Number of protein chains: 2
Amino acid sequence: MTKPFIALDWGTTSFRAYRVSAQGEITDQTAAPEGIMAVMDGKFEDVLEHHIGAWDKTLPIIASGMVTSRQGWVECPYLDCPAGADELAKAITLHTTTSGRKVHFITGLHHNSTSITHDVLRGEETQVIGSLKNGATHFVTPGTHSKIIAVENSRIASFATYMTGETFGLYRNHSILGRLMAGDAPDEATFKQGVEKAFADPAGILHLLFSTRTLGLFNAIKPESLSSYLSGLLIGQEVAHATKHHSKTANYQVLGSAAVGANYVAALKMAGFNVTLGDPLCGVYGQRIIAEKAGVI
Amino acid sequence: MTKPFIALDWGTTSFRAYRVSAQGEITDQTAAPEGIMAVMDGKFEDVLEHHIGAWDKTLPIIASGMVTSRQGWVECPYLDCPAGADELAKAITLHTTTSGRKVHFITGLHHNSTSITHDVLRGEETQVIGSLKNGATHFVTPGTHSKIIAVENSRIASFATYMTGETFGLYRNHSILGRLMAGDAPDEATFKQGVEKAFADPAGILHLLFSTRTLGLFNAIKPESLSSYLSGLLIGQEVAHATKHHSKTANYQVLGSAAVGANYVAALKMAGFNVTLGDPLCGVYGQRIIAEKAGVI
């Protein structure tokens with residue numbers, strides 16, 4: 001029988017931990033905007049204990065995400081694609097904290113990409129492993145760096161990173177495009193207008209982006225909706241490019257929060273694909289599957 | 001005979017003024033990083049006098065650039081394309097300062113763009129008018145918002161804005177891509193590597209950009225050259241998109257500083273076009289031509 005454990009999802013900008021029972025149920029959880037970039041002087045253990053100090057120190061911790069990167073706690077070498085739960089289980093790195101906790105790190109993947117030579121991810125591999133039972137052929141993980149991931153025979157075959165989320169933040173917060181915006185309340189119709197514009201001419205994005213300003217200046221889009229338009233342009237451009245060689249029978253699942261995930265679901269539907277929204281806890285499921293295969297829980 | 005005047009090029013981020021003789025020679029000049037965004041409480045006249053207070057108050061001032069925008073000194077309505085020196089001369093707006101200076105504002109252009117409905121520019125129209133004698137069919141004005149401008153029968157027929165310069169700054173200074181960079185010294189070979197990558201797949205820019213990080217992480221591009229690579233990706237994407245419908249007999253001229261201009265010249269040559277670098281003073285020439293037609297000098 002599988003043992004209880006602590007699931008640790010420690011990314012660039014957020015910390016999330018779950019206490020998981022032997023049956024796989026979440027019995028406690030904690031989250032903080034304390035990603036690895038906010039950890040000073042390598043004090044990862046202090047931050048961990050600050051958040052989960054009250055949880056049983058004998059529970060094994062299963063960790064994934066950017067915490068295994070060079071900027072993280074314990075750097076774990078990438079595994080090459082294709083890779084699935086077996087390969088990830090074999091590659092687990094064990095680290096014992098000074099307080100005696102056993103942390104089992106699940107490493108990320110490297111893809112010998114034809115387009116950019118090297119592509120990488122950390123954390124998404126575990127989310128995908130936790131979502132395989134849903135039968136999708138492709139997964140999308142929205143975020144700072146969105147990933148479009150292709151699965152074959154229950155293994156991650158290839159993937160591509162898109163800087164969509166980070167790019168949205170740059171234009172929203174640091175560019176002239178943000179000046180005319182009033183809030184970020186979602187406006188689905190205007191979002192779709194942006195998606196359609198990007199679908200019609202995906203190579204024109206540096207030009208199309210300027211329409212976020214001019215359509216605002218000429219009152220063709222109201223200030224409250226410009227943020228949705230910008231989001232539509234960028235997500236539309238990503239979806240247009242990522243899916244252009246995919247068969248229309250590809251079956252997508254979006255792994256992410258309901259808010260951002262819904263945008264990707266809408267754009268993928270507009271592109272003619274079958275698409276569902278995945279389970280927000282797929283990362284915990286994936287950690288359980290991989291750790292079980294490794295025999296550590 | 002044409003009269004002497006003061007040429008004022010006042011943009012978003014910089015202020016430039018030239019004292020020009022009756023023969024068209026520059027007899028004095030001043031420049032400051034005091035663009036219209038740096039002018040507080042509408043005190044344009046104070047900033048102007050601070051910089052050119054010593055120059056003869058009876059000289060007419062010919063002004064162009066973002067100083068005629070809504071965020072500028074005197075908002076001038078856009079002229080629609082096509083427009084040339086005659087239309088711009090007729091549309092000049094006269095403003096008299098409290099110190100008695102006559103400022104003649106040259107307005108910008110609006111284009112009923114098929115791609116983004118509304119496209120606009122201010123300042124570049126004057127640079128193009130000052131460069132027409134060179135016989136180019138297309139002009140490129142690099143900058144925060146780069147413009148690709150088509151000329152027919154000595155008038156600006158159409159144009160498209162690309163957010164290339166601003167986007168470079170966003171990724172360079174505010175994104176994860178800047179983290180691995182060491183300086184911005186130009187590396188022509190690596191710049192061209194970025195251009196080629198963008199030419200091969202211009203719709204993939206949000207994906208290709210991520211290679212600025214991975215090629216750095218995997219030591220395929222050295223930290224000193226990553227900035228040139230990013231620049232090549234973005235300029236390559238702009239040139240690929242802007243020129244895709246242009247005949248190879250199009251004759252380009254790049255109007256901009258030697259440093260940034262050289263990058264556009266290189267990318268346009270790689271795309272197979274005839275291209276030259278224009279005169280940095282083309283804006284002053286254009287102001288002289290337009291003001292002369294208007295009879296104000």
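FYI, it's all coordinate maths here, none of it is from the lab. Computed from a prediction, not measured in an experiment: that's the story for all the values here. Note that we place each Cβ from the backbone using ideal geometry, even for glycine, and neighbour counts take in every protein chain shown.
Numbers at a glance
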item	result
GNM top mover of A:Ala91, A:Ala182, A:Ala136 - chain A, alpha-carbon springs below 10 Å	A:Ala182
Most positive-pole-ward Cα, B:Cys81, B:Val47, B:Ser115, against dipole of chain B from beta carbon charges	B:Ser115
Interchain or long-range residues, amide H under 5 Å from B:Phe15's placed H	B:Ala32, B:Glu34, B:Gly35
Residues A:Arg213, A:Arg19, B:Arg179 arranged by fewest to most Cβ contacts within 10 Å	B:Arg179, A:Arg19, A:Arg213
Computed over the range B:36-127, Kirkwood Rh from alpha-carbon pairs, angstrom	14.2
Fewest-first ranking of B:Lys57, B:Lys192, using other Cβ atoms within 10 Å as the exposure measure	B:Lys57, B:Lys192
Number of partner chain Cβ atoms within 10 Å, mean per residue of A:195-208	6
Neighbourhood charge, 10 Å Cβ-Cβ cut-off, centred on B:Asp56 and excluding it, Lys, Arg +1 and Asp, Glu -1	+3
Residues A:Glu45 and A:Asp201, FRET efficiency given R0 of 51 Å [Cβ-Cβ distance, rounded to 0.05]	0.50
Exceeding the 31 Å Cα-Cα cut-off - candidates A:Lys147/B:Lys192; A:Lys133/A:Lys248; A:Lys192/B:Lys43; A:Lys244/B:Lys269; B:Lys133/B:Lys197; A:Lys222/B:Lys293	A:Lys192/B:Lys43; B:Lys133/B:Lys197; A:Lys222/B:Lys293
Residues A:Met1 and B:Gln71, FRET efficiency given R0 of 56 Å [Cβ-Cβ distance, rounded to 0.05]	0.25
Helix-only CD estimate at 222 nm, as mean residue ellipticity for chain A, using -39500 (n - 2.57) per DSSP H run (n ≥ 4)	-10000 deg cm²/dmol
Other-copy label distances relative to B:Ala182, 7 angstrom Cα-Cβ extension, nm	4.9
Label distances, nm, B:Met40 versus same residue in remaining copies, Cβ-directed 7 Å point	3.3
A:Ile26-A:Lys90 FRET efficiency (beta carbon distance; Förster radius 30 Å; 0.05 resolution)	0.65
Simple Cβ-charge dipole of the range B:1-143, Lys/Arg +1 and Asp/Glu -1, about Cα centre, in debye nearest 20	240
Peptide-level mean, for B:241-250, of C-beta atoms on other protein chains within 10 Å	1
Fraction of beta bridges assigned by DSSP in the range B:1-153 that are antiparallel (%, nearest 5)	75
Length gained when the stretch B:Asn112-B:Asn251 is fully extended (0.36 nm per residue, less Cα-Cα span)	47.7 nm
For B:Val128, B:Val103, B:Val74, order by how many other beta-carbon atoms lie within 10 Å, fewest first	B:Val74, B:Val103, B:Val128
For A:Lys248, inter-copy label distances in nm, listed shortest first [label point 7 Å out on the Cα-Cβ vector]	3.6
Overall Cα dimensions of the protein assembly as shown - principal axes, largest extent first, Å	98, 46, 44
Shielding by partners - mean other protein chain Cβ count within 10 Å, residues of A:212-223	3
Magnitude of the charge dipole, the protein assembly as shown, Cβ model with Lys/Arg +1 and Asp/Glu -1, debye to 20	540
